[in-house]
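Let me begin by presenting the structure, written as structure tokens, before commenting on it.
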Amino acid sequence: MAPDTLLAILLRAYEPSGSSPFMRGLPVAGRDGTLASRMKGTAAEGNVVAKTGTLSNVRTLAGYVKTADGEPLAFVIMVNNFEGTAADAVAAIDRMAARLASFSRR
């Protein structure tokens, strides 16, 4: 699936209160599911709600985050055919998600 297609789905499925079954089913960074041990101690912890994806030499993270200003964002990060270790790819993805969480337009 292309990143822009997945983003279109995320935008369509977004529910601001977070109470829809879809939104409630997404793992929360640093708290549960596949993100339980990720992004701890960053602005993304407890903020990023997203689904991971893993294939050979592919790592993805797609979901939602609120910026430092409280602005909701949908995002898709796909790393394909990366060089280096899977742990390095995941760490880079987590840094990108944390950066979105700390972003401010001010």
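When the solvent-accessible area of the stretch 1-71 is split by element, carbon and sulfur atoms take up 57 percent of it, the probe being 1.4 Å. Residue-wise HN-Hα couplings along the stretch 78-90, as the Karplus relation 6.51 cos²θ - 1.76 cosθ + 1.60 with θ = phi - 60° gives them from phi, are 10, 10, 10, 6, 6, 9, x, 8, 4, 4, 5, 5, 5 Hz; Gly and Pro carry x.
Relative contact order of the chain: 23 percent, from C-alpha pairs under 8 Å at least 6 residues apart in sequence.
Volume per residue of the convex hull around the Cα atoms, evaluated for the chain, comes out as 106 Å³. When only Cα pairs under 8 Å and 6 or more residues apart are kept, what is the percent relative contact order across the stretch 50-106? Computed over the stretch 50-106, the figure is 34 percent. Probing with 1.4 Å while keeping every protein chain in the model, the per residue accessible area of the chain equals 59 Å². Taking amide H as placed 1.01 Å from N in the peptide plane, the amide H of F103 sits under 5 Å from that of A68, each at least 5 places away or on another chain.
The values are calculated or read from the model by the stated rules, or taken from the named source; none is laboratory data. Since this is a predicted model, take the numbers as computed values, not measurements. Note: areas computed on protein heavy atoms with side chains; ligands, DNA, RNA excluded. Shrake-Rupley method; radii C 1.70, N 1.55, O 1.52, S 1.80 Å.
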